[in-house]
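The values are calculated or read from the model by the stated rules, or taken from the named source; none is laboratory data. Because the structure is predicted, anything quoted here is derived from the model rather than measured. No Cβ is skipped: glycine too gets one built from the backbone with ideal geometry, and neighbour counts run over all protein chains shown.
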Amino acid sequence: MNCPPLLPTASKVRFRRRSLPVVWLPAVLMTFSLAGEVLADAAGDTGTNAPEPFPKTVVYVEKQPAVGQSVPVSDTPVTRATIQDAAVRTVKDAAAYAPDTFMNEFTARKLSNPYVRGIGSSPNNPGVTTYYDGVPQLNANSSSLELVDVDQVEFVRGAQGALYGRNTLGGLISITSRLPSLSVWRGAFDTQYGNYNYYDERLAVSGPVVTDKLGLSLAGGYSARDGYTINDATGHRVDNREDGFGKAQLLWAISETWTARLIVSGEGDRDGDYALGDLNSIRANPYHVWHDFEGYTHRDVLAPTWQVNHDGTAVDFAMTTGLVWWQTHDLTGLSYDPTPVPVGTRDNQEKDFQFTEDLRLASAKDAPVELTDQLQLKWQTGVSLFTQNYQQDAMNHYAPGILYQPNQYGPGIPPVASPANTQYAPQSRLDDVGVGAYAQATLTAWEKLDFTASLRGDYEDKHANLNTFFATPDPFLGSPTRLSPGQDFAQVTPQFALAYHLTPQQMLYASASRGYKAGGFNPLSPPGDEAYGEETSWSYELGAKTSWLDDHLTVNVAAFYINWDNLQLNLPTGQPGSYYIANAGNADSKGVELELDARPLHGWDVFGSVGSTDAHFLSGAQAIHTDPYGNTTTLNVGGNHLIYTPEFTGNVGTQYAWQIGRRAALYARAEVNIYGEYFYNPANTASQDTYSLATFRAGVRGRNWYAEGWMQNAFDTHYVPVALEYPNGLSGFIGESGAPVTYGLRAGVNF
């Protein structure tokens with residue numbers, strides 16, 4: 001998606017609308033038209049040049065394996081083939097292939113929040129939860145990790161509360177690791193080098209320790225790059241990245257029906273500072289900021305997972321036990337623009353420990369219960385529980401003269417220069433424990449009609465210790481806050497789906513599902529807003545999943561409507577760099593989605609998706625707005641657009657391979673991602689207009705090796721993917737420039 005540099009208008013902090021998507025539209029339509037004609041001609045070709053049909057992709061959205069085209073859910077699986085061909089390295093990379101999905105991600109990778117069909121939230125209470133091998137990331141700080149030895153990433157859209165419970169109102173992201181080999185040893189090595197001194201090295205090996213009984217896999221890597229953004233105060237690059245990551249697995253085939261699997265993954269990130277600057281300034285001069293202090297953002301994650309599975313003749317059993325430890329430490333300045341005197345720094349440390357357990361019984365995968373000759377039943381039931389302990393210890397170190405401003409004490413009273421002081425904002429702990437039970441039944445009549453009903457009940461108990469205070473007490477700065485609140489929450493979330501199989505390759509479906517996020521407590525908030533209430537939703541969907549021309553063409557469409565109550569928003573506290581959750585009111589979202597994959601010729605793939613979302617606050621919804629000088633106002637935002645919800649998303653691409661001999665082939669891949677306008681804040685006073693990003697790859701591939709050149713954001717589009725309200729006396733927003741044009745070389749071997 002190749003948008004030229006865009007310029008801000010004078011009246012509003014936003015980009016002018018461009019006509020670039022219209023330039024791409026004829027090429028897209030011509031590509032799909034040509035693909036359709038070629039597919040029709042190739043349908044009867046049975047020779048060696050006939051294209052291979054698309055394989056049946058297995059998904060796990062219903063907690064058990066099923067062919068994706070048969071599941072009545074909007075689910076976009078990014079398979080291992082795509083991960084390899086497109087060099088997908090992160091969850092954000094994979095999200096480009098899922099319509100109506102947007103990743104709100106900072107250069108500091110710990111801050112990564114997905115928004116699906118308009119639904120998202122804060123890291124402490126996500127609206128879309130990420131699962132790694134069945135283990136939910138209860139806090140989004142551990143949700144965006146390097147994808148190493150991964151088999152598939154699924155982007156599930158629509159509320160999934162009936163099976164997964166809390167924090168899946170918008171859907172979920174499910175990441176599945178590749179199974180260790182029990183029969184032969186295999187391995188892969190991949191290396192990349194690019195501009196900005198970019199390095200990425202990955203190695204994975206797998207094989208049997210005891211043939212057919214015990215398999216081992218080891219994978220890991222190292223990735224680093226220089227920063228994209230220059231600090232004009234020092235000339236240094238501030239947003240450099242560096243991380244090491246790894247995964248070890250043991251797969252034990254206990255018997256023909258029992259298996260056990262241990263997965264231990266970890267990552268250590270040593271990133272530079274936030275690349276934040278005044279929104280107007282970075283639009284006028286991208287990749288340049290002014291920081292009087294250069295800090296860092298560090299993160300460490302360790303996650304062991306234990307799985308046990310039994311495939312019985314009548315009943316299957318599955319158990320997933322997960323532990324997640326993570327900690328972050330970010331040190332940054334409080335001034336992101338030139339100021340007469342330094343404002344100070346923020347030293348923020350967070351850590352979290354979670355334990356999750358999921359136990360499930362189900363009818364055997366290939367043996368549904370035969371109720372009559374024409375009626376079959378599949379069922380599953382389970383129980384899940386979790387505990388979570390989160391701590392935050394953050395300190396704002398204010399420079400002298402910052403906290404007291406002129407005229408603060410009234411007319412005629414001279415200003416008083418304040419001494420340096422440290423505010424603990426906050427020093428808090430959140431403890432959470434919960435349990436849920438669920439059941440699902442699917443009745444199949446005449447091998448064509450499926451009716452699925454699911455129900456889940458959840459209960460959780462939350463307690464908090466909330467402390468905010470100054471190291472040197474001062475009556476003009478307010479009293480310290482020391483609270484220890486507690487509250488429990490309970491909710492029932494049903495889901496219903498009806499699917500009709502016109503043929504084995506074409507299915508129509510309709511569904512209705514309820515979503516739920518518990519209320520809770522803010523580590524830091526304005527007085528009186530320490531607690532927030534639960535959020536609920538109903539999602540409705542109509543769709544079709546189809547395969548044509550002997551599985552050489554798949555076309556999926558969906559239309560949805562979402563209505564939710566007491567929407568939780570992440571709002572500024574009025575203190576630099578601090579946000580809290582509050583209930584804004586009611587909202588709704590509606591839209592359509594289309595996904596297409598075609599294989600017209602041997603070696604030629606065409607793919608694309610498009611989604612449109614219209615998401616608004618409803619009448620009476622309210623949110624806090626902070627002006628450029630730090631004054632906060634409660635606004636009626638009814639009718640405004642929800643934040644970080646592009647009015648449309650699109651992905652279109654093609655890949656072709658030319659055989660140049662018995663042992664090698666040339667290949668090329670081109671794709672474009674387009675994001676429509678979206679707003680940064682509920683008041684809708686600043687937005688990012690439509691932009692597009694183009695990626696190209698070309699190389700040569702042998703049976704066990706490959707080498708290629710690549711270019712991302714090929715036309716150097718300037719855009720600001722994320723921005724926050726911030727009292728800086730200028731635009732009132734700080735944001736980060738999106739990644740510039742990057743290019744490099746990649747090579748690898750499989751053995």
Task: strands (runs of 3 or more DSSP E) contained entirely in the stretch 76-157, each with at least 3 residues that are more than 20 Å from F607 (Cβ to Cβ) and either touching a residue at least 12 places away in the same chain (Cβ under 8 Å) or not β-branched (V, I, T) (or both) - done: 112-116, 128-132
Open item on the list: Residues that are in a strand (DSSP E or B), touching an Asp or Glu at 6+ places or on another chain (Cβ under 6 Å), over 21 Å from D352 (Cβ atoms) and of a type in the set (V, I, T): does the stretch 443-450 have at least one?
Closed with: yes
Task: For D565: the one exception among (1) more than 24 Å from A94 (Cβ to Cβ); (2) within 21 Å of the chain's Cα centre (by Cα); (3) not hydroxyl-bearing (S, T, Y) - done: (2)
TODO: Tell me, yes or no, whether the stretch 694-708 has at least one residue that is under 24 Å from G277 (Cα atoms), in contact (Cβ under 8 Å) with a residue 12 or more places away in the chain and out of contact with any Leu (no Cβ under 9 Å at 6 or more places or on another chain).
DONE: no
Task: Subset of the stretch 158-184 [touching a residue at least 40 places away in the same chain (Cβ under 8 Å) and surrounded by fewer than 24 Cβ atoms within 10 Å (Cβ to Cβ)] - done: I175, T176, S177, R178, L179, L182
Open item on the list: S454 - would you say it is buried (at least 21 other Cβ atoms within 10 Å of the Cβ) and either modelled with pLDDT of 95 or more or out of contact with any helix residue (DSSP H, G or I) (no Cβ under 8 Å at 6 or more places or on another chain) (or both)?
Closed with: yes
- [ ] Test each condition in (1) part of a strand (DSSP E or B); (2) more than 16 Å from G738 (Cα to Cα); (3) not hydroxyl-bearing (S, T, Y) for N673 and report the one that comes out false.
- [x] (2)
Task: Output for the stretch 159-187, where each listed residue is among the aromatic types (F, W, Y) and in a loop (DSSP other than H, G, I, E, B) - done: W185
Open item on the list: I'd like to know if the stretch 269-291 contains one or more residues that are free of Cβ contacts under 8 Å to residues at least 60 places away in the same chain, assigned to a strand (DSSP E or B) and basic (K, R).
Closed with: yes
Open item on the list: Conditions first: (1) crowded, with 22+ Cβ neighbours inside 10 Å; (2) part of a strand (DSSP E or B). S223 passes all but one, so which condition is the exception?
Closed with: (1)
TODO: Determine whether the stretch 77-96 contains at least one residue that is over 16 Å from the mean Cα position of the chain (by Cα), at pLDDT 90 or above and closer than 20 Å to T168 by Cβ.
DONE: no
- [ ] Only residues that are of a type in the set (D, E) and either surrounded by fewer than 23 Cβ atoms within 10 Å (Cβ to Cβ) or in contact with a Pro (Cβ under 7 Å, 6 or more places away or on another chain) (or both): list them for the stretch 272-294, please.
- [x] D292, E294
Task: Those residues of the stretch 95-119 which are in contact with a Phe, Trp or Tyr (Cβ under 6 Å, 6 or more places away or on another chain) and either surrounded by fewer than 23 Cβ atoms within 10 Å (Cβ to Cβ) or not polar (S, T, N, Q) (or both), in sequence order - done: A98, F102, N104, A108, Y115
Open item on the list: Taking the criterion of being surrounded by fewer than 16 Cβ atoms within 10 Å (Cβ to Cβ), at pLDDT 95 or above and under 32 Å from the mean Cα position of the chain (by Cα), would at least one residue in the stretch 360-378 satisfy it?
Closed with: no
Task: Elements of type strands (runs of 3 or more DSSP E) in the stretch 500-611, at least 3 residues being among the aliphatic types (A, V, I, L, M) and modelled with pLDDT of 95 or more - done: 506-517, 553-572, 579-601
Open item on the list: Condition first: closer than 12 Å to F521 by Cβ and not in a strand (DSSP E or B). Now tell me which residues in the stretch 451-495 satisfy that.
Closed with: S484, P485
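Determine whether Q505 is out of contact with any Phe, Trp or Tyr (no Cβ under 8 Å at 6 or more places or on another chain), over 21 Å from I624 (Cβ atoms) and among the polar types (S, T, N, Q).
Details: out of contact with any Phe, Trp or Tyr (no Cβ under 8 Å at 6 or more places or on another chain): no; over 21 Å from I624 (Cβ atoms): yes; among the polar types (S, T, N, Q): yes.
For Q505, the condition - out of contact with any Phe, Trp or Tyr (no Cβ under 8 Å at 6 or more places or on another chain), over 21 Å from I624 (Cβ atoms) and among the polar types (S, T, N, Q) - is not met.
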Open item on the list: Can you find a residue that is surrounded by fewer than 21 Cβ atoms within 10 Å (Cβ to Cβ), assigned to a strand (DSSP E or B) and among the small types (G, A, S) anywhere in the stretch 638-649?
Closed with: no
- [ ] Report whether or not L250 is part of a strand (DSSP E or B), among the aliphatic types (A, V, I, L, M) and touching a residue at least 40 places away in the same chain (Cβ under 8 Å).
- [x] yes
TODO: Run G702 past the list (1) surrounded by fewer than 17 Cβ atoms within 10 Å (Cβ to Cβ); (2) modelled with pLDDT of 95 or more and report the number of the one that doesn't hold.
DONE: (2)
- [ ] Kindly establish whether G486 is at positive phi and either surrounded by fewer than 22 Cβ atoms within 10 Å (Cβ to Cβ) or without any contact (Cβ under 8 Å) to a residue 24 or more places away in the chain (or both).
- [x] no
Task: Search result, residues across the stretch 701-751 that are outside any strand (DSSP E or B), over 19 Å from M103 (Cα atoms) and not hydrophobic (A, V, I, L, M, F, W, C) - done: R703, N704, D716, Y726, P727, N728, G729, S731, G732
Task: Those residues of the stretch 133-167 which are in contact with a helix residue (DSSP H, G or I) (Cβ under 6 Å, 6 or more places away or on another chain) and either within 26 Å of T107 (Cβ to Cβ) or among the hydroxyl-bearing types (S, T, Y) (or both), in sequence order - done: S144, V153
Task: Only listed residue being closer than 30 Å to Q354 by Cα, touching a residue at least 60 places away in the same chain (Cβ under 8 Å), in contact with a helix residue (DSSP H, G or I) (Cβ under 6 Å, 6 or more places away or on another chain) and surrounded by 15 or more Cβ atoms within 10 Å (Cβ to Cβ), chosen from G515, G434 - done: G515
- [ ] Considering (1) within 24 Å of the chain's Cα centre (by Cα); (2) part of a strand (DSSP E or B), say which one D190 fails and leave the rest.
- [x] (1)
Open item on the list: Considering only the stretch 660-670, I want to know if a residue exists there that is in contact (Cβ under 8 Å) with a residue 24 or more places away in the chain, outside any strand (DSSP E or B), of a type outside the set (G, A, S) and closer than 30 Å to S589 by Cα.
Closed with: no
